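The values are calculated or read from the model by the stated rules, or taken from the named source; none is laboratory data. In this text the structure is predicted, and so the values were computed from the model without any measurement. Reconstructed Cβ throughout: ideal geometry from the backbone, glycine too, with neighbour counts over all protein chains shown.
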Amino acid sequence: MRRKFIAKNRKNLFLVMKTFIFLLLIIFILSKIMSFQLFTTNTNFIEHIMESSNHLIEINMTYNDRLNDINTLLTNINIKKPTTLFENSLIYLDKENNVDVSSKNLEINYNSTGILKKMLGTFNSFTKPVDNSISSISVSSPLVYIYNTHQTEEYVAQDLDIYGLNPTVFTASYLLKENLEAKGIKTIVEEGNISEYLSNNNLNYDDSYVASRTFLNKAINDYPSIKLFIDFHRDALSHDIATVEYEGKKYAKILFVVGLDHENYQPNLDLANELNTLFSNTYPFLTRGVLTKSGPLVNGIYNQDLSNKIILLEVGGNESTIDEVNNTIDLLTEIIYKKLGDINV
């Protein structure tokens, strides 16, 4: 009897151990599922995430929401909306509008891209991805073309760093575009990827103006309506030099740069001086003036030989915050509007 009792105890102990291990495994799997976080490197991210700033973005959601979105991402079926079962598998009639809303005939908003776009919509004003080729944007009669020879120049992220987002001059270019278009001035921001161009052509960072020249030439040829080309940069300055406070608000200071190492520099120098004068008369605290460059060890051209409507604009420095830059962009918008004010926009 004792031997049977011992064997039975061992059998029970073995069963308890297996059950315990099984429960641990279940807990581990559930913890992994519940801690699942959606990330994206999707280049279609609302057209506002630049490649160099497109880090993983953690989505703050409840466990149930995470599980639902994971399911929707994988199956296109939203368990919170049963009709998606039909929308993505059957043809049915939208009685209210009398139209066929099957997935074969309409783009359903419940595919993975749509879900990510919806969840990441909070961040859609930060940055924009760049194409790996020359931009092919179609805009009717734009007046302003903004590009960034040094696309990856960054500003201080402030609160955005918790999302892994790094605001750049590319970000700032889109902020300026939005402001200008709010005033009726059609604007293009160059989407061509400078880094990709350099890599594909065995060039290095010092050749960035070679890359931007290609994009600029295409814009000049494609859009004869453009009245102002802006090469938007960020200087390398300490915060106290790059920043000014006016009426309790901080601004990133600006500087116009003109290259003199080509025969047709004078029209662009005149343009820079004219815009700087507008700043001096309206917002004198903001401008650092006009800087001319020529001679050895400098570019001296900056692609300004291609048109007499090009300005190179340094906005803030590497310690400037994106908020300070945005404050400056508000005033820059007013100056550009004054400059183009005699044009029917």
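Being among the hydrophobic types (A, V, I, L, M, F, W, C) and under 26 Å from the mean Cα position of the chain (by Cα) narrows it down to one residue among 275, 331, 306; which is it? Write out each step before concluding.
Numbers: 275 fails: under 26 Å from the mean Cα position of the chain (by Cα); 306 fails: under 26 Å from the mean Cα position of the chain (by Cα).
Just a single option satisfies the conditions, and that option is 331.
List the pairs whose first member sits in region 260-279 and is on the phi < 0 side of the Ramachandran plot and in contact (Cβ under 8 Å) with a residue 60 or more places away in the chain, whose second member is assigned to a helix (DSSP H, G or I) and surrounded by 13 or more Cβ atoms within 10 Å (Cβ to Cβ), and whose Cβ atoms are under 7 Å apart, counting only residues at least 6 apart or on separate chains?
275/335; 275/339; 278/335; 278/338; 278/339
Can you tell me which condition residue 243 does not meet? The list is (1) buried (at least 19 other Cβ atoms within 10 Å of the Cβ); (2) within 21 Å of the chain's Cα centre (by Cα), and all the others hold.
(2)
What pairs come out if I take residues in region 214-225 that are in the same structural domain as residue 201 (by TED's automatic domain parsing) and surrounded by fewer than 18 Cβ atoms within 10 Å (Cβ to Cβ) and pair them with residues that are of a type outside the set (Lys, Arg) and in a helix (DSSP H, G or I) whose C-beta lies under 8 Å away, six or more apart or interchain?
214/197; 217/306; 220/306
For region 299-326, name all the residues that are over 20 Å from residue 252 (Cα atoms) and assigned to a helix (DSSP H, G or I). Lay out the reasoning, then the answer.
Going residue by residue through region 299-326, those that are over 20 Å from residue 252 (Cα atoms) are 299-310.
Selection gives 304, 305, 306.
Out of 199, 238, I need the residue that is over 26 Å from residue 284 (Cα atoms), surrounded by fewer than 17 Cβ atoms within 10 Å (Cβ to Cβ) and out of contact with any strand residue (DSSP E or B) (no Cβ under 8 Å at 6 or more places or on another chain). Which one? Steps first, answer last, please.
On the way: 238 fails: over 26 Å from residue 284 (Cα atoms).
Only one candidate qualifies: 199.
Output yes when any residue across region 335-344 is within 26 Å of residue 152 (Cα to Cα) and surrounded by fewer than 22 Cβ atoms within 10 Å (Cβ to Cβ), and no when none is. Give the steps one after another, and end with the answer.
Kept after step one, since they are within 26 Å of residue 152 (Cα to Cα), are these residues of region 335-344: 335-336.
In the following step, the residues that additionally are surrounded by fewer than 22 Cβ atoms within 10 Å (Cβ to Cβ) were identified as 335.
Among the residues of region 335-344, at least one is within 26 Å of residue 152 (Cα to Cα) and surrounded by fewer than 22 Cβ atoms within 10 Å (Cβ to Cβ), which makes the answer yes.
Identify the residue in region 256-276 that is within 20 Å of residue 208 (Cα to Cα) and aliphatic (A, V, I, L, M) and, among all such residues, is surrounded by the most Cβ atoms within 10 Å (Cβ to Cβ).
Once the filter is applied, the top-ranked residue is 258.
Can you name the number of the only condition in (1) crowded, with 17+ Cβ neighbours inside 10 Å; (2) farther than 13 Å from residue 149 by Cβ that residue 190 fails?
Here residue 190 meets the rest and fails (2).
Considering (1) assigned to a strand (DSSP E or B); (2) free of Cβ contacts under 8 Å to residues at least 24 places away in the same chain; (3) over 30 Å from residue 165 (Cα atoms), say which one residue 245 fails and leave the rest.
Among (1) assigned to a strand (DSSP E or B); (2) free of Cβ contacts under 8 Å to residues at least 24 places away in the same chain; (3) over 30 Å from residue 165 (Cα atoms), the lone unmet condition for residue 245 is (3).
Only one residue in 212, 208, 225 is within 30 Å of residue 141 (Cα to Cα), at pLDDT 95 or above and either in a loop (DSSP other than H, G, I, E, B) or touching a Cys at 6+ places or on another chain (Cβ under 6 Å) (or both), so which one is that? Can you show your working first?
Details: 212 fails: either in a loop (DSSP other than H, G, I, E, B) or touching a Cys at 6+ places or on another chain (Cβ under 6 Å) (or both); 208 fails: either in a loop (DSSP other than H, G, I, E, B) or touching a Cys at 6+ places or on another chain (Cβ under 6 Å) (or both).
The conditions single out 225.
If I filter region 296-345 down to residues being touching a Phe, Trp or Tyr at 6+ places or on another chain (Cβ under 7 Å) and polar (S, T, N, Q), which single residue comes out as farthest from residue 206 (Cα to Cα)?
Per the stated criteria, the residue is 327.
Would you pick out the residues in region 230-273 that are of a type in the set (Asp, Glu) and within 19 Å of residue 337 (Cα to Cα)?
If the condition is that a residue be of a type in the set (Asp, Glu) and within 19 Å of residue 337 (Cα to Cα), then 231, 270 are the ones that fit.
Only one residue in 222, 231, 207 is of a type in the set (Asp, Glu) and over 26 Å from residue 316 (Cα atoms). Which one?
222
Within region 277-298, is there a residue that is outside any helix (DSSP H, G or I), surrounded by 15 or more Cβ atoms within 10 Å (Cβ to Cβ) and of a type in the set (D, E, K, R)?
So far as region 277-298 goes, yes, one or more of its residues are outside any helix (DSSP H, G or I), surrounded by 15 or more Cβ atoms within 10 Å (Cβ to Cβ) and of a type in the set (D, E, K, R).
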